[in-house]
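In what follows, a single structure is set out as structure tokens and then discussed.
The values are calculated or read from the model by the stated rules, or taken from the named source; none is laboratory data. This structure is a prediction, so every number in the text was calculated from the model and none was measured. Heads up, the Cβs are rebuilt from the backbone with ideal geometry, glycines too, and the neighbour counts pull from every protein chain shown. These accessible areas exclude ligands, DNA and RNA; they are computed on the full protein's heavy atoms, side chains included. Shrake-Rupley method; radii C 1.70, N 1.55, O 1.52, S 1.80 Å.
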Amino acid sequence: MKSASITRLNHLPAHSRLLAPGWLRALGVYGYDTVEDVILASLITGDPLLLIGKAGTGKTFLLNSLSEALGLEHRHYNASLIAFDDLVGFPYPMENGTGIRYIETPATIWQAESVLIDEVSRCKPEHQNRLFSLVHERRIQGLALPKLRYRWAAMNPCEAENSDDFYEGSVALDQALADRFAFVIEVPDWEGLTEADRQLVADARGVDVQSIDQVGLARAVEEGRRRFAKASDELHQTALAYSAAVATQLLQPAVRLSPRRVRMLSRNLVALTLISGGQPQRDVFLTGLTASLPQLAWGVRVADPVVRGAHAAAWDLLTQGPQVRWLSQVLLETDIAKRCKLLFQEAPSRDTATLAIRQSLVQLPKAHAAVLALALLPVVRDQPAAFGEESLAAVMEVAAPILEIEGEAKWKLRSDLQPKDNPHPMLSECAALLESLPPRRRERARQLFYHCIVREIPIAEPAELEQHLDRAIRAVSSHLKSTTSCTSC
């Protein structure tokens, strides 16, 4: 029997598959059948793609073949050899002295529609930092690249499982850079190929043959982009609910997905669902999760049982009834006071409220999670029937260190200044704000600010964070007053 949630999800618009299985074979690329849909999803979203595999496994061939089939203006750079001037051209000052221009060559990046950064794990640190903005925001030297649609990269494994797998000079990617690649795919090696694929791969007649779009890849990509732009809110909410749930499940075995990664995962799942026909499917979501984990790029392999266990728990959440839409609504709400009100007034069940609280405390930036924990503490403590012991434990784990601050504020002192002349920059900014607040608000904000400073949690805008805290506490106070009144009645 289908649950209410799955029945409702089956009302999502159905589509035919964008491409029949085996479309990569038609481009002369063999052995990649299991990741075809992930490759197509990356073409639809246009989000960065990283291939990880041993030498000679066809990573570069695959990506160059895609650019040929799509007729893209393509650039292929070897990150271990390239000089930065090869990317941008030779700089020279503008005649009016207002800036710098670059002399373009056929190899510069300015007109590129797709770019492959090969051997990215062998890139010099200074170049890796410069490539960060290219991968993250399609910019180089602070200048936009409006024609650039696709950012691809390839690397050898940086893990050394045995002596044969060691690659001299291939190092783990910086985690911040790795986290900018939406799709991270481990490509198959010889032992992962069927006998038929081995024969095709070994056939030298396929070398230097241009890939021609015989399967309608370009049309499929454009249709996929259209579907992706019009994807329903329900599909997005389902993907988000799963992504947030699986991120929470992975925390127990100490596998962290950043809030950015959770957003990327939900976006990847929407694209994969649209490729496969428009309906969320268990195996499609597992494929999306596996291809969205960035850990392998910095040399950490997440064990398959861990991934499958977290996936099973998250997928089960989607089949337990009407809480999917509510949970998605809670996790999409950026206003902390409104998120509190949703938790108070509309939770389908105590277990679902507990799950929403736990996921919120993980999903939110640490400073905002601290605000939520401080605001929720009186409610989860005084209303056990509505929230339960697990909610209280989750909130106390975050709130307790705020209420009992231990430690010292750390910052770098200039050797030529005394501490009194060289105050902690965040402490100074927060202190000025605290002086302007009414007494009760000042004491609450002081606890929060000092906690963040001691724990070295960034505070982007102290005034904005304090307003979040004040509004959330007002929402909680209003709720507690209304429930007390109802009880007395």
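Here is the tail figure for region 29-75: Cα pairs spaced more than 14 Å apart come to 55 percent of all pairs.
The residues ARG381, ARG25, ARG226, sorted by heavy-atom accessible surface at 1.4 Å with ligands and nucleic acids left out, run ARG381, ARG226, ARG25 from largest to smallest. In the context of the full set of protein chains, the chain has a per residue accessible area of 50 Å² (1.4 Å probe).
Each residue, LEU251 and ARG25, gets one label point 7 Å from its Cα in the Cβ direction; the gap between the two is 4.5 nm.
Compared with the dominant Cα axis of the chain, that is its longest principal axis, helix 233-251 is turned about 80°. Within the chain, DSSP assigns beta bridges of which about 25% are antiparallel (rounded to the nearest 5).
The helix-based estimate of mean residue ellipticity at 222 nm for the chain, built from -39,500 (n - 2.57) per DSSP H run of four or more residues and divided by its residue count, is -16500 deg cm²/dmol to the nearest 500. Each of CYS123, ALA178, PRO146 was placed along the dipole of region 120-254 (beta-carbon charges, centred on the mean Cα), and the one lying farthest toward the positive end is PRO146. Applying the Karplus relation 6.51 cos²θ - 1.76 cosθ + 1.60 with θ = phi - 60° to region 100-117 yields 3J(HN,Hα) values of 10, 10, 10, 6, 7, 10, x, 9, 6, 8, 4, 9, 5, 9, 9, 9, 10, 9 Hz, where x marks Gly and Pro. Taking every C-alpha pair closer than 8 Å and separated by at least 6 residues, the mean separation divided by the residue count of the chain gives a relative contact order of 17 percent. Available extension along the chain between SER477 and TYR92 is 132.4 nm, counting 0.36 nm per residue and deducting the alpha carbon span. Evaluating 6.51 cos²θ - 1.76 cosθ + 1.60 at θ = phi - 60° for every residue in region 346-356, the Karplus couplings come out as 10, 5, x, 7, 5, 5, 5, 4, 4, 4, 5 Hz, glycine and proline recorded as x.
Only protein atoms count toward the accessible area here, which uses a 1.4 Å probe; on the chain, the carbon and sulfur part of that area reaches 52 percent. Fully extending the segment from ALA431 to GLU191, taken as 0.36 nm per residue of separation minus the present Cα-Cα distance, adds 80.2 nm.
A quarter of the convex hull surface defined by the alpha-carbon atoms of region 91-250 gives 15.7 nm² as the mean projection.
When the surface is traced with a 1.4 Å probe over the full set of protein chains, TYR32 keeps roughly 10 Å² accessible. Between VAL209 and ASP335, the C-beta separation translates, for a Förster distance of 60 Å, into a calculated FRET efficiency of about 0.60. Directionally averaged projected area (the chain, Cα convex hull): 30.9 nm². Any idea how far the Cα center of region 279-300 sits from the one of region 224-259, in Å? About 11 Å separates the Cα centre of region 279-300 from the one of region 224-259. When all protein chains stay in place and ligands, DNA and RNA are ignored, the 1.4 Å accessible-area order of GLU195, GLU397, largest first, is GLU397, GLU195.
Available extension along the chain between ALA460 and SER232 is 78.8 nm, counting 0.36 nm per residue and deducting the alpha carbon span. Taking Cα atoms only, the orientation of helix 217-229 departs from the longest principal axis of the chain by about 10 degrees.
Quick one: net charge around LEU480, please, counting Lys, Arg +1 and Asp, Glu -1 for every other residue with C-beta under 13 Å from its C-beta. In short, +3. When only the Cβ of Lys, Arg, Asp and Glu is charged (+1, +1, -1, -1), the dipole of the chain relative to its Cα centre reaches about 1740 debye.
A probe of 1.4 angstrom, applied to the heavy atoms of all protein chains, finds TRP23 with accessible area near 10 square angstrom. Taking the centroid of alpha carbons for each part, region 19-58 and region 320-390 are 39 Å apart. The order of HIS15, HIS74, HIS311 by accessible area, most exposed first and with a 1.4 Å probe, is HIS15, HIS74, HIS311. The figure for LYS230 is an accessible area of roughly 150 square angstrom, using a 1.4 Å probe on the protein chains alone. The value obtained for region 175-245, namely the Cα convex hull volume divided by the number of residues, is 214 Å³ per residue. Our summary gives region 304-371 a relative contact order of 27 percent, counting only alpha carbon pairs under 8 angstrom and 6 or more residues apart. The alpha carbons of region 266-312 stretch over 34, 20, 13 Å along the principal axes, in descending order. Rg over Rh for region 203-343 works out to 1.06, both radii taken from alpha-carbon positions and Rh defined as the Kirkwood radius.
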